[in-house]
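Worksheet: one structure, shown below.
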(Lines give C-alpha, C1' and ligand atoms only; values in the text may rest on other atoms or scores of the structure.)
Protein backbone atom coordinates (compact mmCIF):
# COMPACT_ATOMS: atom_id res chain seq x y z
CA UNK A 1 0.00 0.00 0.00
CA UNK A 2 1.32 3.41 -0.96
CA UNK A 3 2.30 5.61 1.98
CA UNK A 4 1.04 9.18 1.56
CA UNK A 5 1.93 12.06 3.87
CA UNK A 6 0.74 15.56 3.06
CA UNK A 7 2.30 18.66 4.59
CA UNK A 8 0.07 21.74 4.40
CA UNK A 9 -1.73 24.55 6.19
CA UNK A 10 -5.40 25.64 6.21
CA UNK A 11 -4.49 29.11 4.90
CA UNK A 12 -2.85 27.66 1.79
CA UNK A 13 -5.27 27.26 -1.09
CA UNK A 14 -2.60 25.29 -2.91
CA UNK A 15 -2.42 22.79 -0.05
CA UNK A 16 -6.23 22.61 0.07
CA UNK A 17 -6.27 21.60 -3.62
CA UNK A 18 -4.15 18.55 -2.90
CA UNK A 19 -5.93 17.62 0.33
CA UNK A 20 -9.28 17.74 -1.45
CA UNK A 21 -7.98 15.61 -4.32
CA UNK A 22 -6.75 12.93 -1.92
CA UNK A 23 -10.10 12.88 -0.15
CA UNK A 24 -12.20 12.80 -3.33
CA UNK A 25 -10.02 9.98 -4.65
CA UNK A 26 -10.45 8.04 -1.37
CA UNK A 27 -6.69 7.70 -1.02
CA UNK A 28 -5.68 6.99 2.60
CA UNK A 29 -3.14 9.54 3.74
CA UNK A 30 -1.70 11.25 6.76
CA UNK A 31 -1.52 15.00 7.25
CA UNK A 32 0.94 17.22 9.08
CA UNK A 33 0.17 20.90 9.50
CA UNK A 34 3.11 23.21 8.87
CA UNK A 35 3.01 26.68 10.42
CA UNK A 36 3.54 28.76 7.30
CA UNK A 37 3.43 31.97 9.35
CA UNK A 38 6.43 30.93 11.45
CA UNK A 39 10.04 31.41 10.30
CA UNK A 40 10.94 28.61 7.87
CA UNK A 41 13.82 27.40 10.01
CA UNK A 42 11.39 26.60 12.86
CA UNK A 43 9.35 24.13 10.79
CA UNK A 44 9.48 20.35 11.17
CA UNK A 45 13.00 18.99 10.45
CA UNK A 46 11.58 16.14 8.36
CA UNK A 47 9.60 18.63 6.27
CA UNK A 48 12.65 20.85 5.74
CA UNK A 49 14.78 17.86 4.79
CA UNK A 50 12.24 16.77 2.20
CA UNK A 51 11.49 20.25 0.90
CA UNK A 52 14.36 22.76 1.24
CA UNK A 53 12.16 25.54 -0.20
CA UNK A 54 9.95 25.07 2.89
CA UNK A 55 6.73 25.55 0.91
CA UNK A 56 3.39 23.77 1.15
CA UNK A 57 1.98 21.59 -0.17
CA UNK A 58 4.53 18.83 -0.07
CA UNK A 59 3.23 15.32 -0.65
CA UNK A 60 5.47 12.46 0.39
CA UNK A 61 4.77 9.35 -1.71
CA UNK A 62 6.56 6.37 -0.24
CA UNK A 63 9.11 8.77 1.21
CA UNK A 64 9.69 10.70 -2.03
CA UNK A 65 8.77 14.42 -1.89
CA UNK A 66 6.49 15.96 -4.50
CA UNK A 67 6.01 19.74 -4.55
CA UNK A 68 3.99 22.37 -6.46
CA UNK A 69 0.25 21.78 -6.28
CA UNK A 70 -0.34 21.41 -10.01
CA UNK A 71 2.44 18.86 -10.40
CA UNK A 72 1.14 16.95 -7.37
CA UNK A 73 -2.40 16.85 -8.76
CA UNK A 74 -1.09 15.46 -12.04
CA UNK A 75 0.95 12.84 -10.16
CA UNK A 76 -2.10 11.76 -8.14
CA UNK A 77 -4.32 11.51 -11.21
CA UNK A 78 -1.83 9.59 -13.34
CA UNK A 79 -0.35 7.34 -10.66
CA UNK A 80 -3.67 6.23 -9.17
CA UNK A 81 -5.96 6.61 -12.19
CA UNK A 82 -8.32 8.97 -10.36
CA UNK A 83 -9.96 12.37 -10.91
CA UNK A 84 -9.53 12.16 -14.67
CA UNK A 85 -6.28 10.21 -14.69
CA UNK A 86 -7.83 7.01 -16.00
CA UNK A 87 -9.09 8.56 -19.24
CA UNK A 88 -7.01 10.39 -21.86
CA UNK A 89 -9.67 12.98 -22.70
CA UNK A 90 -10.44 13.76 -19.06
CA UNK A 91 -6.73 13.98 -18.26
CA UNK A 92 -6.19 16.38 -21.16
CA UNK A 93 -9.07 18.46 -19.82
CA UNK A 94 -7.48 18.44 -16.37
CA UNK A 95 -4.15 19.66 -17.71
CA UNK A 96 -5.84 22.49 -19.60
CA UNK A 97 -7.70 23.64 -16.48
CA UNK A 98 -4.60 23.34 -14.27
CA UNK A 99 -2.42 25.49 -16.49
CA UNK A 100 -5.19 28.06 -16.95
CA UNK A 101 -5.88 28.22 -13.21
CA UNK A 102 -2.22 28.65 -12.28
CA UNK A 103 -1.77 31.59 -14.64
CA UNK A 104 -5.13 33.27 -14.15
CA UNK A 105 -7.63 32.74 -11.32
CA UNK A 106 -4.98 31.11 -9.15
CA UNK A 107 -2.89 34.24 -9.47
CA UNK A 108 -5.37 37.09 -9.01
CA UNK A 109 -7.59 35.67 -6.25
CA UNK A 110 -4.73 34.97 -3.76
CA UNK A 111 -3.41 38.49 -4.35
CA UNK A 112 -6.85 39.99 -3.73
CA UNK A 113 -7.15 37.89 -0.58
CA UNK A 114 -3.86 39.39 0.62
CA UNK A 115 -5.03 42.86 -0.35
CA UNK A 116 -8.23 42.40 1.65
CA UNK A 117 -6.11 41.70 4.73
CA UNK A 118 -3.72 44.62 4.20
CA UNK A 119 -4.88 47.01 1.50
CA UNK A 120 -2.04 49.41 2.29
CA UNK A 121 0.40 47.13 0.51
CA UNK A 122 -1.52 47.25 -2.78
CA UNK A 123 -1.83 50.48 -4.81
CA UNK A 124 -5.35 51.16 -6.18
CA UNK A 125 -4.18 50.59 -9.76
CA UNK A 126 -2.96 47.12 -8.84
CA UNK A 127 -6.27 46.26 -7.17
CA UNK A 128 -8.15 47.49 -10.24
CA UNK A 129 -5.93 45.39 -12.53
CA UNK A 130 -6.40 42.26 -10.42
CA UNK A 131 -10.18 42.71 -10.32
CA UNK A 132 -10.27 43.16 -14.08
CA UNK A 133 -8.32 39.92 -14.44
CA UNK A 134 -10.78 38.20 -12.13
CA UNK A 135 -13.72 39.43 -14.23
CA UNK A 136 -12.08 37.98 -17.33
CA UNK A 137 -11.38 34.75 -15.48
CA UNK A 138 -15.03 34.46 -14.46
CA UNK A 139 -16.08 34.66 -18.09
CA UNK A 140 -13.59 31.95 -19.01
CA UNK A 141 -14.73 29.79 -16.09
CA UNK A 142 -18.32 29.98 -17.30
CA UNK A 143 -17.16 29.02 -20.79
CA UNK A 144 -15.18 26.03 -19.49
CA UNK A 145 -18.03 24.86 -17.27
CA UNK A 146 -20.74 25.19 -19.91
CA UNK A 147 -23.80 23.18 -18.93
CA UNK A 148 -21.86 20.50 -17.07
CA UNK A 149 -21.98 20.16 -13.28
CA UNK A 150 -18.18 20.13 -13.00
CA UNK A 151 -15.24 21.35 -15.04
CA UNK A 152 -14.46 17.73 -15.90
CA UNK A 153 -18.05 16.98 -16.86
CA UNK A 154 -20.38 14.75 -14.83
CA UNK A 155 -17.75 14.08 -12.16
CA UNK A 156 -15.13 16.37 -10.60
CA UNK A 157 -11.47 16.01 -11.53
CA UNK A 158 -8.12 17.56 -10.75
CA UNK A 159 -9.19 20.74 -12.57
CA UNK A 160 -12.09 21.21 -10.17
CA UNK A 161 -9.75 20.67 -7.20
CA UNK A 162 -7.33 23.27 -8.58
CA UNK A 163 -9.98 25.96 -9.10
CA UNK A 164 -11.57 25.19 -5.72
CA UNK A 165 -8.33 26.00 -3.90
CA UNK A 166 -8.88 29.74 -3.84
CA UNK A 167 -12.43 30.27 -5.12
CA UNK A 168 -13.63 28.79 -1.82
CA UNK A 169 -12.63 32.17 -0.30
CA UNK A 170 -14.09 34.63 -2.83
CA UNK A 171 -16.11 36.37 -0.13
CA UNK A 172 -12.95 37.02 1.91
CA UNK A 173 -11.38 38.62 -1.15
CA UNK A 174 -14.38 40.90 -1.65
CA UNK A 175 -15.30 39.08 -4.86
CA UNK A 176 -18.55 37.66 -6.16
CA UNK A 177 -18.92 34.52 -8.28
CA UNK A 178 -20.96 34.38 -11.45
CA UNK A 179 -24.23 32.49 -11.20
CA UNK A 180 -22.67 29.44 -12.82
CA UNK A 181 -19.67 29.58 -10.52
CA UNK A 182 -21.90 29.96 -7.45
CA UNK A 183 -23.81 26.83 -8.46
CA UNK A 184 -20.52 24.97 -9.04
CA UNK A 185 -19.25 26.06 -5.63
CA UNK A 186 -22.39 24.65 -4.02
CA UNK A 187 -21.92 21.35 -5.83
CA UNK A 188 -18.28 21.25 -4.72
CA UNK A 189 -19.27 21.93 -1.09
CA UNK A 190 -21.76 19.04 -1.26
CA UNK A 191 -19.20 16.46 -2.43
CA UNK A 192 -18.54 13.52 -0.09
CA UNK A 193 -15.10 14.11 1.37
CA UNK A 194 -15.29 17.90 1.16
CA UNK A 195 -14.18 19.56 4.37
CA UNK A 196 -13.26 22.98 5.70
CA UNK A 197 -9.55 23.91 5.54
CA UNK A 198 -9.31 23.65 9.34
CA UNK A 199 -10.48 20.05 9.07
CA UNK A 200 -8.12 19.26 6.21
CA UNK A 201 -5.20 20.59 8.25
CA UNK A 202 -6.00 20.51 11.97
CA UNK A 203 -3.91 22.49 14.41
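Numbers at a glance
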| quantity | calculated |
| --- | --- |
| Residue tally, condition over 12 Å from the mean Cα position of the chain (by Cα) and in contact (Cβ under 8 Å) with a residue 24 or more places away in the chain, over segment 100-110 | 3 |
| Breaking point among (1) under 24 Å from residue 78 (Cα atoms); (2) surrounded by 13 or more Cβ atoms within 10 Å (Cβ to Cβ); (3) free of Cβ contacts under 8 Å to residues at least 40 places away in the same chain, for residue 151 | (3) |
| Filtered residue count, segment 105-122, keeping only those that are assigned to a helix (DSSP H, G or I) and at pLDDT below 90 | 4 |
| Extreme residue, surrounded by the fewest Cβ atoms within 10 Å (Cβ to Cβ), among residues of segment 19-63 that are touching a residue at least 60 places away in the same chain (Cβ under 8 Å) and assigned to a strand (DSSP E or B) | 31 |
| Of residues in segment 154-172 being touching a strand residue (DSSP E or B) at 6+ places or on another chain (Cβ under 8 Å) and part of a loop (DSSP other than H, G, I, E, B), the one nearest to residue 75 (Cα to Cα) | 157 |
| Set 125, 142: member being loosely packed, with under 13 Cβ neighbours inside 10 Å, part of a helix (DSSP H, G or I) and not assigned by TED's automatic domain parsing to the domain that holds residue 24 | 125 |
| Residue list for segment 174-196, filter: in a loop (DSSP other than H, G, I, E, B) and within 21 Å of residue 69 (Cα to Cα) | 191, 193, 194, 195, 196 |
| Enumeration of residues in segment 14-29 that are closer than 13 Å to residue 58 by Cα and touching a helix residue (DSSP H, G or I) at 6+ places or on another chain (Cβ under 6 Å) | 14, 16, 17, 18, 19, 29 |
| Members of segment 70-108 found to be in contact with a helix residue (DSSP H, G or I) (Cβ under 6 Å, 6 or more places away or on another chain) and under 15 Å from residue 25 (Cβ atoms), listed by number | 72, 73, 76, 77, 83, 84, 85, 94 |
| Candidates 85, 94 - the one that is crowded, with 16+ Cβ neighbours inside 10 Å and within 22 Å of residue 12 (Cα to Cα) | 94 |
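The values are calculated or read from the model by the stated rules, or taken from the named source; none is laboratory data. Note that the structure is a prediction, hence the values are computed from the model and not measured. Reconstructed Cβ throughout: ideal geometry from the backbone, glycine too, with neighbour counts over all protein chains shown.
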